[in-house]
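Since the structure comes first, as structure tokens, the remarks are kept for the end.
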């Protein structure tokens, strides 16, 4: 083994261990220092860009126990099948009323794990096993470090079902690959949540026989333990990092102004609003608090005067800490910064602290990056008041199989349907150098959302799959619970439908030829309600090759009422980054005869943790954007001065959310997401 290869393996192992540690609340970007006119106007600041848990991007769940509450991030990136399996139990409410049935010392030197998910109290000392879903195959990818959540199993590697355990201490060795192949880690505790797990681990243990030989008990004086002695799991429910979404939020924000007469400060959800009053200055203090007591406080100075104050640059968003692009064929690398400053700042991108010629804008675009472009990228933003340099983004080009190479695999839209409304989803499958067919799964979920607590669902979704010319390919009203569909749901990581006879809709197309397709979603009876429309690449990961037909574009179009927005989620699978082009088209639709288009769409791209990654209002006719749009087959925007919005960014694998809203009015609009290669 070469020294370089050995170093790569050591670094990979180190990164894997770091990723498993308990993430802590931190301030990510400095707050700006706004200037306001006396008695007029206000400014809003999205606190998701300034506080959070760095590195946390997976789904979050909330544990409510008899000894306290805490939150856990599910590692869908490392163990997607186990994370999806756990979420299926969560969404079904399986864990409500269960208890921690095992607190074990694996090496004889103190409690190593606390385990639950297998048994429910039925009153007194009576218990019953929870209903089990199909077992999940081993996905050992992360070490069993302290603070991680892992799947319990028997000696059969592929036997994990409902039971899970928290690692109270570092069990990386004892539960590693040498122990029968290892145990699958699929989550990690957030913030101070381990204080609750530690309280459970500190309880005395009694032998109640069978599966309960290491039963942790409370207020127990002997005899047969009863429900009053158990550590109960009152519930495990879906949650969010930030307030304002569905479910319990990890974070909450409070704000105080030193002089409310000058600057009144309020916070609603994640939006900090500063309203101008009398001339002067005020110090505003923002505090972010997480579930288990951890806090981070930051201050900003607000000036209320006769004009805009001069301000040194402050970064509102910046590139990620790391991007790994697949080695081999050169591909685009696009990084971005967003800064506030007065006067307007200059930009200079650097690689390894050396200025890059010609890269003097907020967007760094390298059309064909390869191994020679590896390094640490930063951007220096400067004006007469000062300068700031973005955090380094480590860009590397590791070897990657086709299955490990980043690719677009999903589009989902949660939308409120009006009476008789039809939601139109478009997709293109193919790609240069590919051949064969593509497996796609489409779903229309209405009744299925009720199990997630969504009110007013669409009662009877119907799917119609057709060509752009209107030729019918397939249709479905009620999905029927077929085995092939159930298997496809599990394979792509989609949440399960509640029942085989539900009125949700699904279509599996196992072999679609390359081409363009349209999926229409509506209620079979025209009834209004909330529904989710989903489109998945259903090709098994193991079957992905360099010439496999790809999902190269997904899009959704609808009429957006004034004051509302269209929100779409997409997923990038694999282990390496991929550049994507996201378009929010309103005026550009007029060339196709679409009436009443949205006059001024605005795009915002969010990461899975809710932080803003990129924003665009008017695309400005930038040549590189037009060139990339043409390269992926997007229709041209005839007017370079149009108010259509575009974003071009290189993104790490994971889940992303696009929001499109009108700045002036509502109207017909289109969200498009393209792979760029």
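Looking only at segment 364-376, residues that are touching a helix residue (DSSP H, G or I) at 6+ places or on another chain (Cβ under 8 Å) and buried (at least 17 other Cβ atoms within 10 Å of the Cβ) come to 2 in all. With respect to the conditions (1) at pLDDT below 95; (2) buried (at least 16 other Cβ atoms within 10 Å of the Cβ); (3) farther than 30 Å from residue 535 by Cβ, residue 385 lacks only one, and its number is (2). Just one of the listed residues (265, 249, 239) is surrounded by 15 or more Cβ atoms within 10 Å (Cβ to Cβ), within 25 Å of residue 53 (Cα to Cα) and more than 16 Å from the chain's Cα centre (by Cα), namely 265.
Could you tell me which residue of segment 641-666 is surrounded by the fewest Cβ atoms within 10 Å (Cβ to Cβ), considering only residues that are part of a loop (DSSP other than H, G, I, E, B) and modelled with pLDDT of 85 or more? Within segment 641-666, the match that is surrounded by the fewest Cβ atoms within 10 Å (Cβ to Cβ) is 641.
Among residues of segment 333-351 that are under 12 Å from residue 385 (Cα atoms), those with a Cβ under 6 angstrom from a residue that is crowded, with 23+ Cβ neighbours inside 10 Å and at pLDDT 95 or above, sequence gap 6+ or separate chain, pair up as 345/381. Can residue 492 be described as farther than 22 Å from residue 570 by Cβ, modelled with pLDDT of 90 or more and within 27 Å of the chain's Cα centre (by Cα)? Criteria not met by residue 492.
Apart from one condition, residue 540 fits all of (1) surrounded by fewer than 23 Cβ atoms within 10 Å (Cβ to Cβ); (2) modelled with pLDDT of 90 or more; (3) under 17 Å from the mean Cα position of the chain (by Cα); the exception is (3). Residue count for segment 246-267 satisfying the condition of being in contact (Cβ under 8 Å) with a residue 12 or more places away in the chain and either in a strand (DSSP E or B) or closer than 29 Å to residue 162 by Cβ (or both): 15. Taking the criterion of being outside any loop (DSSP other than H, G, I, E, B) and under 30 Å from residue 249 (Cβ atoms), the residues of segment 589-640 that qualify are 601, 602, 603, 604, 605, 606, 607, 612, 613, 614, 615, 616. Number of residues in segment 332-359 that are surrounded by fewer than 14 Cβ atoms within 10 Å (Cβ to Cβ) and farther than 21 Å from residue 314 by Cα equals 4. Considering only residues that are in contact with a helix residue (DSSP H, G or I) (Cβ under 8 Å, 6 or more places away or on another chain) and modelled with pLDDT under 95, look in segment 112-126 and name the one that is surrounded by the fewest Cβ atoms within 10 Å (Cβ to Cβ). Filtering segment 112-126 for residues that are in contact with a helix residue (DSSP H, G or I) (Cβ under 8 Å, 6 or more places away or on another chain) and modelled with pLDDT under 95, the one surrounded by the fewest Cβ atoms within 10 Å (Cβ to Cβ) comes out as 123. Just one of the listed residues (272, 278) is in contact with a helix residue (DSSP H, G or I) (Cβ under 7 Å, 6 or more places away or on another chain), farther than 30 Å from residue 105 by Cα and either at pLDDT 90 or above or not in a strand (DSSP E or B) (or both), namely 272.
Quick check on segment 184-193. Is at least one of its residues in the same structural domain as residue 122 (by TED's automatic domain parsing), at pLDDT 95 or above, farther than 29 Å from residue 158 by Cα and in contact with a strand residue (DSSP E or B) (Cβ under 8 Å, 6 or more places away or on another chain)? No, because not a single residue in segment 184-193 is in the same structural domain as residue 122 (by TED's automatic domain parsing), at pLDDT 95 or above, farther than 29 Å from residue 158 by Cα and in contact with a strand residue (DSSP E or B) (Cβ under 8 Å, 6 or more places away or on another chain).
The values are calculated or read from the model by the stated rules, or taken from the named source; none is laboratory data. Small disclaimer: the values here were computed from a predicted structure and weren't measured. Note that we place each Cβ from the backbone using ideal geometry, even for glycine, and neighbour counts take in every protein chain shown.
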